[in-house]
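Enquirer: Below are the structure tokens for one structure; questions will follow.
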Amino acid sequence: MSRADDPIYLTFKEKDVIGDNFLLPAEWLPEARSVISFFLPFTESVRRSNRGGPESISPEWLHGRIEGQACITDFTKKLKSYFESRGSRVCVPALDARFAVRTTALPEGDPKGVHIASNWSERHIAYASGLGTFCLTRGLITAKGVAGRFGSLIVSEEIEADERPYTGVYDYCSRCGACIRRCPAGAISLEGGKNQIRCKQWMDLMKKRYAPRYGCGKCQIGVPCESGIPAGRR
Ligand code: B12
Ligand code: SF4
Ligand code: SF4
């Protein structure tokens, strides 16, 4: 939970954070008071199923990506109805017609490849709401780990904000490098973090192989941050 007018949201408009396309809570919903962010971790059986080699994505993981997201969408709609029934105004940016993802070219040789940024980034909202910090792969590590998915909504109700029990953007990542060895696309490095082009190209290949589903997430499984904050970073 975070306040809609938390000054951190303004910083998300900076070029190196998200960019000027990021819309503040009050730009989505003029009456915005609070932002609710939640994380649904994958179950042990979904996580275990995807621990195998890099070439095959488990059916459970693929369903977690597609049907799992459908479940998050349903859950978010139910939360929206609940808050509306209390007289609150609600906006779910992920389901709003204005939601968009922008890709910008970066100077040649930049290890990130390209800058991919949506105008409502669930991980940044979760970071602002005290749920966790980023890591080498760019995933957000929560108290329940990195393997799972986020959702959020903006409401006109005043709800007490949670504390952010961290100060640094990457506090929960131990930089152990286990995710580097797990990535089939060679997209992750200690020096450059995650290269977006390599990851995206691999995901596109998975889309062809597993249509109508897709996914990968090997960097989130079989690693110390899979289901909790790595030892020494708690
Ligand atoms: C576009 C997209 C992709 C693209 C690009 C990924 C990306 N990181 O941008 C592709 C197709 C490659 C992709 C892949 C995957 N994705 Co994706 N994707 C998205 C999407 C739609 C938008 C991402 C976005 O807006 N990024 C914004 C940019 C700016 O983020 P960034 O560059 O990483 O931000 C950096 C800077 O801000 C920097 N920074 C610099 N200064 C500062 C200062 C401050 C204060 C802060 C906070 C940060 C900061 O820190 C950040 C990290 O380095 C989100 C859903 C959503 N609406 O958010 C899901 C999402 C990020 N994906 C998700 C998942 C699960 C996946 C996959 C595992 C796919 C799968 N299911 O198998 C892979 C994992 C890839 C990986 N290693 O993270 C989850 C992440 C869950 C988690 N625990 O983090 C999300 C949030 C979806 C969800 N609803 O849960 N994805
Ligand atoms: S595996 Fe290690 S380096 Fe990679 S994201 Fe997790 S904690 Fe960070
Ligand atoms: S999602 Fe797959 S390709 Fe992308 S960084 Fe993670 S392991 Fe590599």
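The values are calculated or read from the model by the stated rules, or taken from the named source; none is laboratory data. Quick caveat, the model's predicted, so the values are computed rather than measured. Please note: Cβ atoms are built from the backbone with ideal geometry, for glycine as well, and neighbour counts cover all protein chains shown. Heavy atoms of the whole protein, side chains included, go into the accessibility calculation; ligands, DNA and RNA do not. Shrake-Rupley method; radii C 1.70, N 1.55, O 1.52, S 1.80 Å.
Enquirer: If you put +1 on each Lys and Arg Cβ and -1 on each Asp and Glu Cβ, how big is the dipole of the chain around its Cα centre, in Debye rounded to 20?
Expert: For the chain, the charge dipole is close to 960 debye.
Enquirer: For the chain, what relative contact order do you get, as a whole percent, if you take Cα pairs closer than 8 Å and at least 6 residues apart?
Expert: 27 percent
Enquirer: Name the residue farthest towards the positive end of the dipole of the range 2-220 from the options Y210, I154, I36, assuming +1 on Cβ of Lys and Arg, -1 on Cβ of Asp and Glu, about the Cα centre.
Expert: It is Y210, whose Cα lies furthest towards the positive end.
Enquirer: Answer with one residue from V223, Y166, G130: the one whose Cα lies farthest towards the positive end of the charge dipole of the range 99-234, charges on Cβ with Lys, Arg +1 and Asp, Glu -1.
Expert: Selected residue: V223.
Enquirer: Starting from the residue with the highest accessible area, list S189, S152 in decreasing order, probe 1.4 Å.
Expert: Highest to lowest solvent-accessible surface, that is S189, S152.
Enquirer: Could you pull out every Cys in the chain that lacks a partner Cys with its beta carbon under 4.7 Å away?
Expert: Cys with no partner Cβ under 4.7 Å: C71, C91, C176, C183, C199, C216, C225.
Enquirer: If each of D74 and R86 carries a label point 7 Å out from its Cα toward its Cβ, how far apart are those two points in nm?
Expert: A separation of 2.3 nm, rounded to one decimal place.
Enquirer: Right, next: Ranked from highest to lowest mean number of other Cβ atoms within 10 Å per residue, what is the order of the peptides 30-38, 96-104?
Expert: Peptide ranking by packing, descending: 30-38, 96-104.
Enquirer: Next question. Take the cross-link list K15/K218; K112/K208; K78/K208; K15/K207; K77/K218 and give me the ones stretching past 27 Å between alpha-carbons.
Expert: Going by Cα-Cα distance, K15/K218; K78/K208; K15/K207; K77/K218 fall outside the 27 Å limit.
Enquirer: According to a simple spin-label model (label point 7 Å from Cα along Cα-to-Cβ), what is the distance in nm between I116 and K207?
Expert: Here the modelled spin labels are 0.9 nm apart.
Enquirer: Can I ask one more? Can you pull the Kirkwood radius for the range 2-220, inverse mean 1/r over Cα pairs, to one decimal in Å?
Expert: Here the Kirkwood hydrodynamic radius works out to 18.4 Å.
Enquirer: What angle do you read, to the nearest 10 degrees and between 0 and 90, between the alpha-carbon axis of helix 196-210 and the longest principal axis of the chain?
Expert: 80 degrees
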